[in-house]
1. Is it the case that the stretch 428-439 has a residue that's surrounded by fewer than 18 Cβ atoms within 10 Å (Cβ to Cβ) and not in a helix (DSSP H, G or I)?
2. Name the helices (runs of 4 or more DSSP H) wholly within the stretch 265-382 that hold at least 3 residues that are more than 16 Å from the ligand (Cβ to nearest atom), over 14 Å from the mean Cα position of the chain (by Cα) and surrounded by fewer than 17 Cβ atoms within 10 Å (Cβ to Cβ)?
3. Within the stretch 192-200, identify whether any single residue is charged (D, E, K, R) and away from the ligand (no atom under 16 Å from the Cβ), and answer yes or no.
4. Cβ-Cβ distance below 7 Å, separation of 6 or more or different chains: which pairs start in the stretch 524-539 with a residue that is in a helix (DSSP H, G or I) and end on one that is of a type in the set (Lys, Arg)?
5. Search the stretch 130-147 for residues that are over 16 Å from Ala90 (Cα atoms) and pair each with any residue that is open to solvent by less than 90 Å² (accessible area, probe 1.4 Å) when their beta-carbon atoms are under 7 Å apart and the residues are at least 6 apart or on different chains.
6. Among the residues of the stretch 203-239, how many are open to solvent by less than 20 Å² (accessible area, probe 1.4 Å) and either polar (S, T, N, Q) or touching a Lys or Arg at 6+ places or on another chain (Cβ under 6 Å) (or both)?
7. Pull out all pairs, ordered by first then second residue, where Cβ-Cβ is under 6 Å, the residues are six or more apart or on different chains, the first lies in the stretch 266-282 and is touching a residue at least 40 places away in the same chain (Cβ under 8 Å), and the second is away from the ligand (no atom under 11 Å from the Cβ) and open to solvent by less than 10 Å² (accessible area, probe 1.4 Å).
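The values are calculated or read from the model by the stated rules, or taken from the named source; none is laboratory data. Bear in mind that the values here come from a model prediction, so they are computed numbers and not experimental data. When we count neighbours, we look across all protein chains shown, and the Cβ atoms used for this are built from the backbone with ideal geometry, even at glycine. Accessible surface areas use protein heavy atoms only, side chains included; no ligands, DNA or RNA. Shrake-Rupley method; radii C 1.70, N 1.55, O 1.52, S 1.80 Å.
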Amino acid sequence: MSFEIANRDLMARIGRLETKSGAAETPLLLPVINPNLQTILPETLEARFDCRALITNAYIIQRNFKETASEQGLHKFLNFNGSIMTDSGAYQLLIYKGVETSPKEIVEFQEAIDTDIATILDIPTGWGVPKKYAQYTVKETIKRAKALKKMKTRSDLAWVGPVQGGQYLDLVAKSAKEMGKLPFQIHALGSPTPVMEQYKFDTLVDMMATAKMNLPPDRPLHLFGAGHPFMFALAVSLGCDMFDSAAYALFARQDRYLTESGTTRLEEMQYFPCSCPVCNRTDPETMRDLPKEERMKLLAEHNLHVSFCELRTIKEAIVEGRLWEHMEQRAHGHPSLLQALKRVTKYSEYMEKQSPVTKRSGIFFFSSVGLARPEVVHYRKRLLDRYSPPPKATTLLLLPQTGTKPFHTSKEHRTVMNLIRQKLGNDTDMLHVCTYAAPFGIIPTELDDVYPLSQNEIASPLDTETIIYVANQAADYIKNTDYSRVILLRDPKVWRGKILAACRRACKKKQIPFTALHERDPWAKSTAESLTDVIQEAVRSP
Ligand SMILES: [Zn+2]
């Protein structure tokens, strides 16, 4: 098996996963095929959905079709030519407590049926279990993982090393670290059923980020049991490369219609908001009148179409470098998703290290949630660690952001700067002009056309968190530099006194003079004149 990464954005990647049965592109959705209950046939998946990979359950096959499957091989048995992944029965173990197979038997069986991606018989941690039990699941799974090399006889199958620990993040970290040391080709994280059923996506963010931070980055990560398209963007952004979806069929069985932002009941619908082949042909009323089996099949087909479509949208967003925007849009489909996105903030520094920060297009900033995006984090770190002001500059002049970018090309900044130059002449060198602006904070004029400081669009009025963030950036900048004086041109309508308070406090701490221009309109001619007077006085005073 091989895995090559072609594109990245945030912690997401587009990759090429090749098994002995062919290649497929990640992020990859593997529809779940239950051999007992085939809602959509594997050959239909291949022919009509261009589906290159699916997942089925080795345990169910072993119990019900052992001989046929071993004799024919899994591909012939399911009538599918693409890559097949098998789960080991661990889920059944979780639900029915106790499985009639052993770790060795399930390894041998997966080799016998010639699967492409095989899973060891792990012990899922589950949800709401005592920590002691969770520790046991981690330990036992690692033990079984280590035993794999003695049990397997073939080397052409890819093996999945599942990560356990559930909601105990220290255990997830330990499990991921230990599993990562073993020669697995793929890792998997189980999303406990309550995470999906009760929409505990913030917990899932913690689990995924913890697993990712402790696993080898070059191996794909599969997320078990997370098949609803409305959370794909979040999971992919956190580094999930593969999903399995039983949801398309399970929801269809309950007359539920998936969309990229949620779930609707067929009985409540008047229109289909989708133009897949199913929705193009029919309408909710007609579909409601169909016999159960037929209705279920059509709903399952739509559910799959919308899932694949969302993955294509995500891939396009990765290529364009707009995954953050896409994730934010999807997060507004449900409050629990937005809550989860807010949890991503906790991992913003790690995400920044993984993500490209220079992109094809400018970035959109909708609200303070965007302060966690890699470009903002990257700039904050660079300014703090790598930047020093021009050597001759002793006075810092802070100007408010303008509608025009780069700021130094705006009419407002040019007017002020012309006046200053006229008055100061050769002393201009002593003055360092910076702009305070959302979302980035302090932007030295000589940097203001560097990507993405000018290549962004921002929604105003700014929210309180964003204003406070910029105020804190201003204070940190003053704290970390050596100016002997700070002059602030205020724009109280936008910044509501927060920049003033932060700069004043920072200057007081450093014991340097601070002057703020209090006029109502920062760009009025009279303001510019008072400002130049203040500057002239400051620069000429010893
Ligand atoms: Zn549809």
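1. No - not one qualifying residue is present in the stretch 428-439.
2. Working: elements: 277-281, 284-288, 292-320, 323-331, 335-344, 348-354.
Of the helices (runs of 4 or more DSSP H) lying wholly inside the stretch 265-382, those with at least 3 residues that are more than 16 Å from the ligand (Cβ to nearest atom), over 14 Å from the mean Cα position of the chain (by Cα) and surrounded by fewer than 17 Cβ atoms within 10 Å (Cβ to Cβ) span 292-320.
3. At the first step, the residues of the stretch 192-200 found to be charged (D, E, K, R) are 197, 200.
With away from the ligand (no atom under 16 Å from the Cβ) added as a condition, the list becomes 197, 200.
Scanning the stretch 192-200, I find at least one residue that is charged (D, E, K, R) and away from the ligand (no atom under 16 Å from the Cβ), so the answer is yes.
4. Thr532/Lys423; Gln536/Lys423; Ala538/Arg485
5. That search, which allows pairs on different chains as well, returns Lys131/Tyr168; Gln135/Leu171; Lys146/Leu182; Ala147/Pro103.
6. 5
7. No pair meets every condition.
Every residue, every condition in (1) modelled with pLDDT of 95 or more; (2) out of contact with any helix residue (DSSP H, G or I) (no Cβ under 7 Å at 6 or more places or on another chain), yes or no:
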site	(1), (2)
Pro124	no, no
Val160	yes, yes
Gly166	no, no
Met179	yes, no
Leu182	yes, no
Ile186	yes, yes
Met208	yes, no
